[in-house]
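Since the structure comes first, as structure tokens, the remarks are kept for the end.
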Amino acid sequence: MGQLVHVCKTTKAKGFILYIHFVLCVSALHNCELFYSRHLVNVHVHEPAVQDILFLPKHSSQRRLKLQKLVNEGNFKHNISVMKDGNGQLVVGRRCVSLSASEYTACEFCKKFMSKKNLWRHARICTTRKVYYQTSGVEGTKRISAVKRGKNLVTNAMFTCNDGLVCELLEHMRDDEVKDIVRSDELI
């Protein structure tokens, strides 16, 4: 039983590298390949999060940050459903040619899927993280690995059960075939 979860690969055509990039809508989880902000204005104008974005001036950094947060939220929901089903394509923030789907995890703050090797770099410059620490007043005194926090976020999103034993078990397991089998087993 092989896992069919994979990351979108780059393709080469006439000497150029083509990046097939698509964004998933938060509400309906359907593709919005281009013009995501236009899609929100036309289709989801009555939602409170979209109305907050519409009141901000166009091309402002706050508006871009909130739009990116909605994009990441939609991609995160899609990735969690793909990982639950064990079939589909992960939408990641930055693609690497030789990495498998198990080598990616989410940023705790912006929920963008990044490779585990580069997540610590992303965590240093993540704008959502900076905004979180500025607005909440919480000091980041205890240093916890960005990969560990991302794995906890993904595990808790996949298993919303009252029994925390399965979540705790999966948090301490390595990301390999055994964990994939345990994750996909419905009896557990």
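Computed from the coordinates by the stated procedures, all read-outs in this text should not be read as laboratory data. As the structure is a prediction and not an experimental result, all values here were calculated from the model. Note: ideal-geometry Cβ built from the backbone for every residue, glycine included; neighbour counts use all protein chains shown.
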Net lengthening on full extension, LEU65/GLU47 (0.36 nm per residue, minus Cα-Cα): 4.7 nm
Cross-link pairs beyond the 25 Å C-alpha cut-off, checked among LYS66/LYS179; LYS130/LYS151; LYS69/LYS116; LYS130/LYS179; LYS58/LYS117: LYS66/LYS179; LYS130/LYS179; LYS58/LYS117
Residues ILE181, ILE53 arranged by fewest to most Cβ contacts within 10 Å: ILE181, ILE53
Length added when fully stretched, LYS84-SER184, from 0.36 nm per residue minus Cα-Cα: 35.3 nm
